[in-house]
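Worksheet for the structure shown next.
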Amino acid sequence: MQKRSLLLILIALMVIGVIGVGTEKLVVYTYSSFASWGAAPFIEEAFEKKHDVDVQFVATGDARMMLTKLLTEQEAGRPGADVFIGVGSVDLSMARGEGLFVPLTGEDIPNLTSVREDLLIDPTNSLIPYEHSYITLVYDSQVLAVEDIPLTFEQLLDPKYKKMLILEDPRTSSVGLAFLLWTIHQYGDPGYLDYWRKLLPNVLTITQGWSAAYDLFLAREAPIVVSFSTDTAYSVIEEGSTRYKIMLLNSQGYRSIYLMGIVKGTKQQGLCKELLDFVLSSEVQEMISTTEWMFPANRETLLPVLFYQNAVFPPDPVMIPAERIGGNLDRWLLEWAGVIVGG
Amino acid sequence: MWEARIKRFGRAALIAAPLAFLVLIFYYPLLRLFQEGVVQEGHLTLKYIGGVFAEPYFRHVILFTAEQALLSTLLAMIIGLPWAYIFTRYQFPLKETLRSLTIVPFVLPSITVAVGFILFFGNNGHLNQLLMGLFGLKGPPLRLLYSLKGIVLAHAFYNAPIITRMVHAQWERLNPAYEESAQALGAGRIRRFFEVTLPLLLPGLMTGAALAFIFCFLSFPIVLALGGARFSTIEVEIYTQFIVLYQHKLGAALAIIQIALSLLFTYGYILLEGRFTREVEVTYSRSTVPLLRRFTLGKGIVWLFIGISGLLFLGPMASVFYDSITREWAGRTVFTLHWYSYIFQSQYEALIGAAPLRSVVNSLQLGLSAMGLASLVGLPIAFVIARYRFRGRRLFDTLVMASLGVSSVALGAALLSAFLRPPLELGSGWLAIVLAHSILAYPFVIRAVVPVLEGLKQGLVEAARSLGATRLQAFRDIELPLIRRGLLVGAIFAFAISLGEMSATIMLAQPGLKTMPLVVNDLRAARSFGGASAMSSLLILVTAGAFVIIERFGERLFGGTRWSR
């Protein structure tokens, strides 16, 4: 008797997960934080009110995992998405190399005219920006006083910062890759390898991704982490604290631009264009700052006062063009790993 | 005559069905992916595989991967074996529950374990702060993390439970008569253990050690999170090639090398397993000693060991729980239920079909289905390996273990790609994930059952058959009850694998199909570290509960009424 009822419970549990299927669908691949806690819920609700379509955000992993999924699906001739939101500028060469997205013009996306021009990094405009940020160092002001912090890449090598730095692995993290590219921008190729060799004694550890690094930082394992220049705004608004501050090396920040595009082969190009235009509208762009903790791409967007006051714009943003990254990335990563492991 | 033919046909089908399943769902997709690493423009080439070995950096990574796996396995044995002894030898309150719970560490997402280790064992962690407070030290006395020590410790956290469960399953069935005769012949306690008990336990111990080794060999987030700058495994490189650079050729070459090394190791282990397994008398009851009454020096040592190893297991988990009920506000740590209200809300459900709590149901459903399928596939194969003698049996045994030694990133990519094309057009979603999880889980069923089955005296079955029982009856009434502990252990590991799996799940998931580990990942990416700890705590509670229930239910299901204790 008991055995049977337990079996019934098991079967019931397995049957519960029935998924309903809607009418016409617009599938958007994006990264998980955008879909769950970012602007996606708002976009979905507002867009479905305007148009007779079921917008479905699919975000089972981070942006790179989703891009890999889309590339694999496209190779099989069955792309699963109509729109992709979340190609990082460091991954631009990989996404464009496969001819994955539909080229766009200002006529397709009227709001594109309000986008900051320095963000339009894809000459074919098949990937257009919706938000951006700067990779910088963030430090714990209770451990390092303002007068003690390094101001240049060279000062960061000072032995007094021994084991004080938490980095992300450029092979697995786009934040880590941005920092690696920043050092290549600063010291050239192969000069960056020498810089990394000297930097190693000051590194506590190199984590798989940004969240692992920031977690270590919050656990006070080390006082400096590679992160975003908007982190100060986050900790003021969400944690009521000015403890964590931005450190600008050489007054620079490595620019990170996040892009979106329409997947080739979609049957609903018109709706897709409307969706991208909607993401660039001030309605959605205003949400970007305090859900994504990034700067909106639309320059007419109003930022919340606390965000504006506390997020940092580096005076001298830098970036390596996608063309140069594309041809060198695998070699750079391998050489970098050789230094890290051997050093 | 006909009857015999039908029987033979039935038996063949019983064996052929799981093999056909494996060929279609596992070997075919994997070989499709692997051929990218050895074929260029229609010709076989060793360019990519040779290229890996020609690069000094890759050679270093391969050697380090093996080195850390070996050290981790040793520590896991040092911790796991005494626990198997404690469970076999002593009686104490809540023993059955505790035994069910030993498997919990095994399912935790590596990211949660890494966080727990950082919060507890970190330079600024609870343990160091406690020691600094107690002894008035200025700096942290224990610098365990961000080095090889951190990696090995975290791997022991994961893998000691495997050793404990595999050894205990065998020890508990070991007839005490062996040790008693040794005692009667005057062998001391230590000599008795090393010369009688340990050799009889070797198959279980080696099974556990082999599984632990392969796990550590494939490990990736733990190595990066707790080892740090100078440590990198083959799996990290595979991830880089497939996910970051989208270069399948070098990625496939690395994955081929990785699986070849795992299989080589598995083959060696299977050769040894055959040598060490012997037929033994099994028993249903071993006498146990109460741990709490009558204090002796021996029990004092046991208590000391429980205390120290308890720190290793409970410390990180308790730290995660503490993190889930605290919050930083204006520079102070305050207690809060904020994070729990955050994950218990249901407001996102309508929009993306993935409210945080929904993931609990998803994980349990996927886990139970994968457990069932893995048992159905694994049990007949285990039977073939243990009962039939044929040429190449060991090679066969090695090949069916292949899914254990394959990179989960590569497997995820292989399945996603294969499921998009005929003849396997399953697409993504629930079925695809269950299949992927079963593939990763069935080797545990095989490894848990084979040593027990091989150790069974064949005479028992023959006796039953000579008394008129059919082969099936003999299996049901004689073998199944005797191997139920092994089968149960295998099934529970299968469940655990499914609950903890991430790479393939990410590739194959559809909206609304988030599992608990995926939600932990999402919360962290969305800066909700407290929320991630709350979800991890929930994961610990839910899986702990599930293990206790499965184990109780399983005991009853397999135990039947025939052999009441």
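The values are calculated or read from the model by the stated rules, or taken from the named source; none is laboratory data. Remember, predicted model here, so these are calculated numbers, not experimental data. Cβ sites come from the backbone with ideal geometry, for glycine too, and all protein chains shown count toward neighbours.
Among the residues of segment B:31-59, those identified as charged (D, E, K, R), free of Cβ contacts under 8 Å to residues at least 12 places away in the same chain and either over 18 Å from B:GLN241 (Cβ atoms) or part of a helix (DSSP H, G or I) (or both) are B:GLU41, B:LYS47, B:ARG59.
Residues that are within 10 Å of chain A (Cβ to nearest Cβ) and crowded, with 24+ Cβ neighbours inside 10 Å were ranked within segment B:529-565; the one that is modelled with the highest pLDDT is B:SER533. Criterion first (small (Gly, Ala, Ser) and either closer than 25 Å to B:MET401 by Cβ or modelled with pLDDT of 90 or more (or both)) does B:ALA76 satisfy it? It is true that B:ALA76 is small (Gly, Ala, Ser) and either closer than 25 Å to B:MET401 by Cβ or modelled with pLDDT of 90 or more (or both).
Restricted to segment A:193-233, and to residues there that are free of Cβ contacts under 8 Å to residues at least 40 places away in the same chain and over 19 Å from the mean Cα position of the chain (by Cα), the residue that is farthest from the other protein chains (Cβ to nearest Cβ) is A:ASP194. Scanning segment A:61-84 for residues that are in contact with a helix residue (DSSP H, G or I) (Cβ under 8 Å, 6 or more places away or on another chain), without any contact (Cβ under 8 Å) to a residue 40 or more places away in the chain and more than 7 Å from every other protein chain (Cβ to nearest Cβ) yields a total of 2. Of the helices (runs of 4 or more DSSP H) entirely within segment B:414-485, those holding at least 3 residues that are within 30 Å of B:PRO511 (Cα to Cα) and of a type outside the set (S, T, N, Q) occupy B:430-455. Of the helices (runs of 4 or more DSSP H) contained entirely in segment B:60-137, those carrying at least 3 residues that are touching a residue at least 60 places away in the same chain (Cβ under 8 Å) and in contact with a Pro (Cβ under 9 Å, 6 or more places away or on another chain) fall at B:104-107, B:110-121.
The criterion of being charged (D, E, K, R), farther than 23 Å from B:ALA114 by Cα and surrounded by fewer than 22 Cβ atoms within 10 Å (Cβ to Cβ) does not hold for B:ARG447.
Just one of the numbered conditions (1) of a type outside the set (Phe, Trp, Tyr); (2) in contact with a Pro (Cβ under 7 Å, 6 or more places away or on another chain); (3) within 14 Å of chain B (Cβ to nearest Cβ) is not true of A:LEU248: (3).
Candidates are the residues of segment B:219-249 that are buried (at least 23 other Cβ atoms within 10 Å of the Cβ) and in contact with a Gly (Cβ under 7 Å, 6 or more places away or on another chain); the one that is nearest to A:ASP215 (Cα to Cα) is B:LEU226.
Kindly indicate whether A:LEU13 is more than 25 Å from B:ARG421 (Cα to Cα), at the interface with chain B (Cβ under 9 Å from one of its Cβ atoms) and at pLDDT below 85. Yes; evaluated as a whole, the condition is true for this residue. Among the conditions (1) surrounded by fewer than 21 Cβ atoms within 10 Å (Cβ to Cβ); (2) over 25 Å from B:HIS248 (Cβ atoms); (3) away from chain A (no Cβ under 14 Å), the only one that B:VAL361 does not satisfy is (3).
To keep it simple, each residue is scored yes or no on (1) more than 14 Å from chain A (Cβ to nearest Cβ); (2) without any contact (Cβ under 8 Å) to a residue 24 or more places away in the chain.
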{"position": "B:MET206", "(1), (2)": "yes, no"}
{"position": "B:ILE214", "(1), (2)": "yes, no"}
{"position": "B:PHE217", "(1), (2)": "yes, no"}
{"position": "B:VAL223", "(1), (2)": "no, no"}
{"position": "B:PHE231", "(1), (2)": "no, no"}
{"position": "B:ILE234", "(1), (2)": "no, no"}
{"position": "B:GLU237", "(1), (2)": "no, no"}
{"position": "B:GLN241", "(1), (2)": "no, yes"}
{"position": "B:GLN247", "(1), (2)": "no, yes"}
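From the list B:ALA169, B:ALA177, the one residue that fits, being of a type in the set (Gly, Ala, Ser), surrounded by fewer than 24 Cβ atoms within 10 Å (Cβ to Cβ) and in contact (Cβ under 8 Å) with a residue 24 or more places away in the chain, is B:ALA177. Within segment B:371-384, one or more residues are without any contact (Cβ under 8 Å) to a residue 12 or more places away in the chain, surrounded by fewer than 22 Cβ atoms within 10 Å (Cβ to Cβ) and within 10 Å of chain A (Cβ to nearest Cβ). The lone criterion from (1) surrounded by 21 or more Cβ atoms within 10 Å (Cβ to Cβ); (2) under 30 Å from A:LYS245 (Cβ atoms); (3) among the polar types (S, T, N, Q) left unmet by B:THR336 is number (1). Scanning segment A:267-320 for residues that are charged (D, E, K, R) and either in contact with a helix residue (DSSP H, G or I) (Cβ under 6 Å, 6 or more places away or on another chain) or not in a helix (DSSP H, G or I) (or both) returns A:LYS267, A:ASP277, A:ARG299, A:GLU300, A:ASP316. Test of understanding: among B:PHE58, B:PHE64, B:PHE34, which residue is of a type outside the set (Lys, Arg), closer than 28 Å to B:ARG421 by Cα and buried (at least 18 other Cβ atoms within 10 Å of the Cβ)? Testing whether each residue is of a type outside the set (Lys, Arg), closer than 28 Å to B:ARG421 by Cα and buried (at least 18 other Cβ atoms within 10 Å of the Cβ) leaves just B:PHE34. One residue stands out in segment A:100-136 among those that are more than 16 Å from the chain's Cα centre (by Cα) and in a strand (DSSP E or B): the one that is surrounded by the most Cβ atoms within 10 Å (Cβ to Cβ), namely A:PHE101.
For segment A:289-308, check the following and say yes or no: at least one residue is among the polar types (S, T, N, Q), in contact with a Gly (Cβ under 6 Å, 6 or more places away or on another chain), surrounded by fewer than 20 Cβ atoms within 10 Å (Cβ to Cβ) and not assigned by TED's automatic domain parsing to the domain that holds A:GLY77. No - not one qualifying residue is present in segment A:289-308.
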